[in-house]
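Peer 1: Encoded as structure tokens, here's the structure I'll be asking about.
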Amino acid sequence: MIPTSMPTSRIQKLATMSEPSPITEYRLTDHAQLEMRRRHISEANIAQVLAAPDQAQAVRPGRVVYQSRVEFGEPAQIYLLRIFVDIDRRPAEVVTAYRTSKIEKYWREGS
């Protein structure tokens, strides 16, 4: 959890974590489950990214986006799977997830 009184430099450092902590215990919110079905994202995809994310970015205190490049479809195409997680509770809660082909828009070099 990122306290609201945390110095800005610490928040910025967390916003571009180079080695995000794996999440193995989590709960899928009803909204996340709905969006996963609608977007054809499996729970296995979610577990894979949360266990070994390529990158993580803090979006606000207590919420982090975990993201990894993942293959989807036939023929396989690389997408960025982005998972929004509330990490300020136990177990962590997956709020929503989506995939995008606009990898360059969200990918942070050096992260």
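Peer 1: For segment 81-111, give me each residue that is among the aromatic types (Phe, Trp, Tyr) and either part of a strand (DSSP E or B) or on the phi > 0 side of the Ramachandran plot (or both). Full working, then the answer.
Peer 2: Here is the first cut: in segment 81-111, the residues among the aromatic types (Phe, Trp, Tyr) are 84, 98, 106-107.
Answer for segment 81-111, where residues must be among the aromatic types (Phe, Trp, Tyr) and either part of a strand (DSSP E or B) or on the phi > 0 side of the Ramachandran plot (or both): 84, 98.
Peer 1: Same structure, new question: Being within 11 Å of the chain's Cα centre (by Cα) and among the hydrophobic types (A, V, I, L, M, F, W, C): is that true of residue 70 here?
Peer 2: So residue 70 does not fit the description; no.
Peer 1: Still on this structure, I have one more. Go through (1) in contact (Cβ under 8 Å) with a residue 12 or more places away in the chain; (2) farther than 16 Å from residue 26 by Cα; (3) of a type in the set (Gly, Ala, Ser) and name the single condition residue 92 misses.
Peer 2: Here residue 92 meets the rest and fails (2).
Peer 1: Also, quick follow-up: Cβ-Cβ below 9 Å, separation at least six or inter-chain, first residue in segment 39-53 and touching a residue at least 40 places away in the same chain (Cβ under 8 Å), second loosely packed, with under 14 Cβ neighbours inside 10 Å: which pairs?
Peer 2: 50/22; 50/24
Peer 1: When you go through (1) among the acidic types (Asp, Glu); (2) part of a strand (DSSP E or B); (3) modelled with pLDDT under 95 one by one for residue 74, which number turns out not to apply?
Peer 2: (2)
Peer 1: Could you say which residue among 37, 69 is outside any strand (DSSP E or B), out of contact with any Lys or Arg (no Cβ under 8 Å at 6 or more places or on another chain) and either at pLDDT below 95 or of a type outside the set (S, T, N, Q) (or both)?
Peer 2: 37 is the lone residue from the list that is outside any strand (DSSP E or B), out of contact with any Lys or Arg (no Cβ under 8 Å at 6 or more places or on another chain) and either at pLDDT below 95 or of a type outside the set (S, T, N, Q) (or both).
Peer 1: Would a scan of segment 55-67 turn up a residue that is out of contact with any Asp or Glu (no Cβ under 6 Å at 6 or more places or on another chain) and under 18 Å from residue 37 (Cβ atoms)?
Peer 2: No, there is no match, as no residue in segment 55-67 is out of contact with any Asp or Glu (no Cβ under 6 Å at 6 or more places or on another chain) and under 18 Å from residue 37 (Cβ atoms).
The values are calculated or read from the model by the stated rules, or taken from the named source; none is laboratory data. Note that this is a predicted model, so its numbers are computed, not measured. With ideal geometry, Cβ positions are generated from the backbone for all residues, glycine too; neighbour counts draw on all protein chains shown.
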